[in-house]
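**Student:** What follows is a single structure, and I will ask about it in a moment.
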Amino acid sequence: MADDSSHTATQPAMHPSFLRVLNQKKEIKEKLSGIKHKIGIYSAKGGVGKTTVAVNLAFALKSLGYKVGLLDADVDTPNLNLFLGIRGTVEANYPLKPIDKDGVKVLSTAMFVDEETKPIIWRGPMIGKMIGEFFGNTEWGELDYLILDLSPGTSDAPLSIMQLLDMDGFILVTTPQRIAAVNAIRSGRMIKRMGISIIGVLENMSDGSAKGGKEVAEALECELLGTINENREIGELSDEGVVPVLANSSFMDQFVSIARRFSGS
Ligand SMILES: Nc1ncnc2c1ncn2[C@@H]1O[C@H](COP(=O)(O)OP(=O)(O)O)[C@@H](O)[C@H]1O
Ligand SMILES: [Mg+2]
């Protein structure tokens, strides 16, 4: 029988970039060790309500008594500031510090950009580097939940988050439209391939029948967490930088019922 040393000698060396990702992942894990659960809000399709869900779910979790952080993981088209009515910039000194918005800790790349409509134009490697540096160097302190608002697509930004951040799981957002369901299923397959769990699917802009949500839940064998009705007020309030669940108790009830489904409270 070959001894251990001869076996080790024949092992192929790890590719340096793979080693770098492993080391970076370990470092980030240590830095974010005060966070109990990291949950991504995701769909490969834009415009389905990822940011809306991330913001309102964060405040619904807060209303249940949890300590919550909200991270704009849509690094190139960050929208959290607009949804939360946050204006002005903060100093980009490491370690970065999230700002407090009505009891929820918030961080977005937009906080470091002096002009609202200035484009952030980055190629893939820069996005990966930014995600590692930005997210690995933030002092969140103790949190029960960090909610991450992801960008659409299935490449650089979502991929870096799945690779680097040791996520607890993802909530997929879909709508009654078939095109949204197809893309949510695509997104779920990516999450599974990365070895991460799907917490469940949520149908936004719903008419209450949850046809799209059921299709996604069935295809991915995951839970349907619930529905959020289509309501023009949600769009109008968000445009004004007002968090819908803080302005209307019926919106709060819908998001709290979803938060209860996965938080166990
Ligand atoms: N349930 C809803 N009812 C009405 N409008 C909504 C609802 N959810 C989201 N919206 C609006 O739809 C648009 C897209 O939502 P957004 O959260 O930015 O999607 P994404 O982050 O997936 O691109 C926004 O203008 C938002 O205010
Ligand atoms: Mg968004």
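**Student:** Got a sec to turn the phi values of the stretch 235-243 into Karplus ³J(HN,Hα) couplings, 6.51 cos²θ - 1.76 cosθ + 1.60 with θ = phi - 60°, whole Hz, x for Gly and Pro?
**Tutor:** Result, rounded to whole Hz: x, 5, 4, 4, 4, 7, x, 9, 6.
**Student:** For 15, 37, which order do you get if you count the other beta carbons within 10 Å of each Cβ and list the fewest first?
**Tutor:** Ranking 15, 37 by Cβ neighbours within 10 Å, fewest first, gives 15, 37.
**Student:** So if each residue of separation counts as 0.36 nm, and I subtract the Cα-Cα distance between residue 36 and residue 179, what length gain in nm does that give?
**Tutor:** Stretched fully, the residue 36-residue 179 segment lengthens by 48.1 nm.
**Student:** May I ask you to list the lysines whose Cα is less than 26 Å away from that of residue 26, ignoring any residue fewer than eight positions away on the same chain?
**Tutor:** In chain and number order, the partners are 36, 38, 67, 97, 105, 129, 192.
**Student:** What is the stretch 37-263's relative contact order, in percent, from Cα pairs under 8 angstrom and six or more apart in sequence?
**Tutor:** Relative contact order here is 28 percent.
**Student:** Based solely on its DSSP helices, what 222 nm [θ] is calculated for the chain when runs of n ≥ 4 H residues each add -39,500 (n - 2.57) and the sum is averaged over all residues, nearest 500 deg cm²/dmol?
**Tutor:** -13000 deg cm²/dmol
**Student:** Quickly work out the residue 194-to-residue 122 label distance, labels modelled 7 Å from Cα along the C-beta direction, and quote it in nm with one decimal.
**Tutor:** Result: 1.5 nm between the two label points.
**Student:** Name the residue farthest towards the positive end of the dipole of the stretch 37-263 from the options 255, 241, 82, assuming +1 on Cβ of Lys and Arg, -1 on Cβ of Asp and Glu, about the Cα centre.
**Tutor:** 255
**Student:** Where nothing but the Cβ of Lys and Arg (+1) and of Asp and Glu (-1) is charged, how large is the charge dipole of the chain around its Cα centre, in debye to the nearest 20?
**Tutor:** 500 debye
**Student:** Given a Förster radius of 51 Å and the C-beta distance between residue 113 and residue 209 as r, what FRET efficiency does 1/(1 + (r/R0)^6) yield to the nearest 0.05?
**Tutor:** 0.80
**Student:** If you don't mind, there's one more thing I want to ask. Can you work out the Karplus-derived ³J(HN,Hα) for every residue in the stretch 174-188? Use 6.51 cos²θ - 1.76 cosθ + 1.60 with θ = phi - 60°, whole Hz, and x for glycine or proline.
**Tutor:** Residue by residue, the stretch 174-188 yields 10, 9, x, 6, 4, 4, 6, 5, 4, 6, 5, 5, 4, 5, x Hz.
FYI, it's all coordinate maths here, none of it is from the lab. Quick caveat, the model's predicted, so the values are computed rather than measured. Note: ideal-geometry Cβ built from the backbone for every residue, glycine included; neighbour counts use all protein chains shown.
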